[in-house]
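Inspection log for the structure reproduced underneath, given as structure tokens.
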Amino acid sequence: MCDLILASASPRRKELLAQIGVVFKQCSVDIDESVLPGERPEDYVRRLACEKSQAGFQRNPLPNSQQSAVLGADTTVVVDGVILGKPDSEEQAVEMLQQLSGRTHQVMTGIALTGNGYANSQVVVTHVTFKALDVAQCRRYWQTGEPCDKAGGYGIQGYAAVFVGKIEGSYSNVVGLPLAETAELLGKAGIKIWQV
Ligand SMILES: Cc1cn([C@H]2C[C@H](O)[C@@H](COP(=O)(O)OP(=O)(O)OP(=O)(O)O)O2)c(=O)[nH]c1=O
């Protein structure tokens, strides 16, 4: 029986969680993703991950066993302490990519697990350094369709792989779900990985 729910519409998170052999169901949740006044990026991603897992928990009553839980996650790109969300337009995407050009930024993912009488969360940070990007290159990249649903306007797992000069920390964290830390979080709740 499947007692783990991934509260996410993201196909990438689904693929990543499946990669570590976890049995789960997926449900999407809709929460307000606005940043609170003065909220720090690490607090923001943790809060949203917690809200997603709590919303998923409320919507899907789970059996009262220790291994029943809902996992939520939120990923954001941070440069100079400023949060970059998903771009709404070509202009916004090009502006974001120009901000990232030739420098190091942080990708932060909050992960949160909510169960019956149980809640735990964590934030994972990866440092990514981009090569210099010119405006024409950023405009061409927008045309690929890749930036629009991704924090910071890029997908490291896609065409934007060629922008990356250096990465320090978890790769899966950049794609949306830090796998080592997620496995730890699940393990603490008694949920097994590598189920065969
Ligand atoms: C930086 C980066 C982000 N992303 C994605 C991961 C997340 O899916 C997305 C950030 O948006 P999120 O709000 O974290 O997630 P989501 O809206 O895709 O899914 P849900 O809220 O339902 O869980 O950006 C990549 O796929 N590759 C990258 O290199």
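A few remarks follow.
- If the condition is being within 13 Å of the ligand (Cβ to nearest atom), of a type in the set (D, E, K, R) and either open to solvent by 40 Å² or more (accessible area, probe 1.4 Å) or within 16 Å of residue 78 (Cα to Cα) (or both), then the stretch 144-196 contributes 149, 150.
- Filter result for residue 104 (in contact (Cβ under 8 Å) with a residue 24 or more places away in the chain, β-branched (Val, Ile, Thr) and surrounded by 21 or more Cβ atoms within 10 Å (Cβ to Cβ)): no
- Subset tally (residues that are surrounded by 16 or more Cβ atoms within 10 Å (Cβ to Cβ) and more than 28 Å from residue 48 (Cα to Cα)) for the stretch 110-136: 1
- Number of the exception - residue 66 against (1) modelled with pLDDT of 95 or more; (2) away from the ligand (no atom under 13 Å from the Cβ); (3) not in a strand (DSSP E or B): (1)
- Residue 48 being touching a Ser or Thr at 6+ places or on another chain (Cβ under 8 Å), open to solvent by less than 40 Å² (accessible area, probe 1.4 Å) and not aromatic (Phe, Trp, Tyr): no
- Selection of the stretch 12-23 for residues being open to solvent by less than 80 Å² (accessible area, probe 1.4 Å) and either without any contact (Cβ under 8 Å) to a residue 40 or more places away in the chain or in contact with a helix residue (DSSP H, G or I) (Cβ under 6 Å, 6 or more places away or on another chain) (or both) yields 12, 16, 18, 20.
- Screening residue 185 on (1) closer than 20 Å to residue 56 by Cα; (2) assigned to a strand (DSSP E or B) shows it passes everything except condition (2).
- Positions within the stretch 79-108 being assigned to a strand (DSSP E or B) and farther than 20 Å from residue 134 by Cα, in sequence order: 82, 83, 106, 107, 108
- Selection from the stretch 28-63 of residues that are away from the ligand (no atom under 15 Å from the Cβ), at pLDDT 95 or above and closer than 17 Å to residue 7 by Cα: none
The values are calculated or read from the model by the stated rules, or taken from the named source; none is laboratory data. All figures in this text were calculated on a predicted structure; none of them were measured in a lab. Here the Cβ is made from the backbone with ideal geometry for all residues, glycine too, and neighbour counts use every protein chain on show. Surface accessibility is based on the protein's heavy atoms, side chains included, excluding ligands, DNA and RNA. Shrake-Rupley method; radii C 1.70, N 1.55, O 1.52, S 1.80 Å.
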